[in-house]
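A.B. asks: The structure's right below; bear with me while I get my questions together.
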Amino acid sequence: MTALILRLLNELRPVLPKAVWRFFNKLWWTYFWARERKQTSKELSIRGPKLAGSERAVLIEAIAEKYPFSALIEIGCAYGQNFHILCCLFPEIHLVGIDCNENCISEGGELLAKRGYKNAKLICANGIDLGQFADNSFDIAYTCAALLYVDNRDVEAVISEMLRVARKTVFLVEQHLDGASLERILGNREGWVERHGVLHGEGYWIRDYAALLGRFAKARGCEVRITKIPFPLWTSERWKDFGCLIEIAKGR
């Protein structure tokens, strides 16, 4: 039923006034995330956290706004947690997730199969080389807290590969802060190493994605938009301070 409602909403988008469509779209997602929260609370036997406006919710909604599409790929998919939502909302599309952790791929694949999601596939691979996929193989490529753990020497290669295999859009749910703010707010505090607009601390990376993408993505005719996650949910790392959705729209 949720998939049918979302499909109808997307079909109405071209014919409804923009403000009217956005009203109904917001209403739909408010209902959807409230339902997901209720289900999570039931499964955990405790009151689940608010999901609307969270990292995963912002990503899923951004992907949904790009419909119609037929294939998506997630880089650094872990156990494929996002696919449990995407498979329900878009049962007709092809989903591929890659991760270099064999245990995550194995366990995540078993769980997806157990729940009957036949349109999702998890593959053990490294995002630096997506050579098994042809150019423009997917409508959308995305990460969800994956580049956070990619070394600064490799991050540009990963994003370049994502741009190569994505036909329309690349989404990055990562931690972003502009270079000037990085220096002003964090400086060279103990436990952090600042270099080239990047801060590395406690095993994860906060980057100035505007500067990073300006070096190569815009040269390819891509448009970059960065928006703050309104209500970050994850308490690890520094999501409440720096969590952002980075959208890279490929030039036509």
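The values are calculated or read from the model by the stated rules, or taken from the named source; none is laboratory data. As the structure is a prediction and not an experimental result, all values here were calculated from the model. Glycine gets a Cβ as well: all are built from the backbone with ideal geometry, and neighbour counts include every protein chain shown. When the accessible area is computed, the model is the full protein with side chains, heavy atoms only, and any ligands, DNA or RNA have been set aside. Shrake-Rupley method; radii C 1.70, N 1.55, O 1.52, S 1.80 Å.
A.B. asks: Probe 1.4 Å, all protein chains in place: accessible area of residue 94 in Å², nearest 10?
C.D. replies: The value for residue 94 is about 90 Å².
A.B. asks: Also: Count neighbours as other Cβ atoms within 10 Å of each site's Cβ, and list the GluC sites (Glu not before Pro) in region 200-252 that are DSSP loop with at most 12 such neighbours.
C.D. replies: 202
A.B. asks: Okay, moving on. May I ask you to give the solvent-accessible area per residue for the chain, in square angstrom, as obtained with a 1.4 angstrom probe?
C.D. replies: On a per-residue basis, 51 Å².
A.B. asks: Among all the lysines, which ones have a C-alpha under 24 Å from residue 228's C-alpha, if same-chain residues fewer than 8 places away are not counted?
C.D. replies: Partners within reach: 18, 26, 50, 66, 168, 218, 240, 250.
A.B. asks: For region 90-180, evaluate the Debye formula with one uniform point scatterer on each Cα (no solvent term) and list log10 I(q)/I(0) at q = 0.13, 0.24 Å⁻¹, rounded to two decimals.
C.D. replies: -0.49, -1.38
A.B. asks: Quote the accessible area belonging to residue 234 in square angstrom, nearest 10, computed with a 1.4 Å probe and with ligands, DNA and RNA left uncounted.
C.D. replies: Residue 234 has an accessible surface of roughly 60 Å² with all protein chains in place.
A.B. asks: Separate question: Take the Cα of residue 178, step 7 Å along the line toward its Cβ, and report every residue of region 144-168 whose backbone nitrogen sits under 15 Å from that point.
C.D. replies: What the label zone holds, given the 15 Å backbone N cut-off, is no residue at all.
A.B. asks: Moving to a separate point now. Roughly how big is the chain's charge dipole about its Cα centre, with Cβ charges of +1 (Lys, Arg) and -1 (Asp, Glu), in debye to the nearest 20?
C.D. replies: Charge dipole, the chain, about its Cα centre: 1140 debye, nearest 20.
A.B. asks: Here are several values of log10 I(q)/I(0) by the Debye sum over Cα atoms at q = 0.10, 0.17 Å⁻¹: (i) -0.62, -1.31; (ii) -0.46, -1.35; (iii) -0.50, -1.47. Which one was derived from the coordinates shown?
C.D. replies: (iii)
A.B. asks: Counting helices only, and only those DSSP H runs with n ≥ 4, report the 222 nm mean residue ellipticity of the chain as the sum of -39,500 (n - 2.57) divided by its residues, in deg cm²/dmol to the nearest 500. Numbers along the way, then the final one.
C.D. replies: Numbers: 8 runs with 91 residues, N = 252.
Dividing the helical sum by the residues of the chain leaves -11000 deg cm²/dmol.
A.B. asks: Moving to a separate point now. What three numbers, in Å, describe the spread of the alpha carbons of region 26-166 along their principal axes, ordered from the longest?
C.D. replies: The Cα atoms of region 26-166 stretch 42, 31, 31 Å along the principal axes, largest first.
A.B. asks: In region 1-109, which GluC sites (Glu not before Pro) are in a loop and have at most 15 other Cβ atoms within 10 Å, using DSSP for the loop call? Could the numbers behind the result be given before it?
C.D. replies: Details: sites: 11, 36, 43, 55, 61, 65, 74, 92, 102, 107; in loops: 65, 92.
Here the sparse-neighbourhood loop sites are 65, 92.
A.B. asks: Mind running the shape call on region 30-111? Use the C-alpha gyration tensor, a ≥ b ≥ c as the square roots of the eigenvalues: rounded below 1.5 for a/c, prolate if a/b tops b/c, oblate otherwise.
C.D. replies: oblate
A.B. asks: Please calculate the 1.4 Å probe accessible area of residue 96, with all protein chains present, and give it to the nearest 10 Å².
C.D. replies: 0
A.B. asks: Diagonalise the Cα gyration tensor of region 1-57 and give the resulting equivalent ellipsoid semi-axes, square root of 5 times each eigenvalue, largest first, whole Å.
C.D. replies: 27, 12, 7
A.B. asks: Further, regarding this structure: Carbon and sulfur atoms: what percent of the 1.4 Å accessible area of region 14-151 do they account for?
C.D. replies: 55
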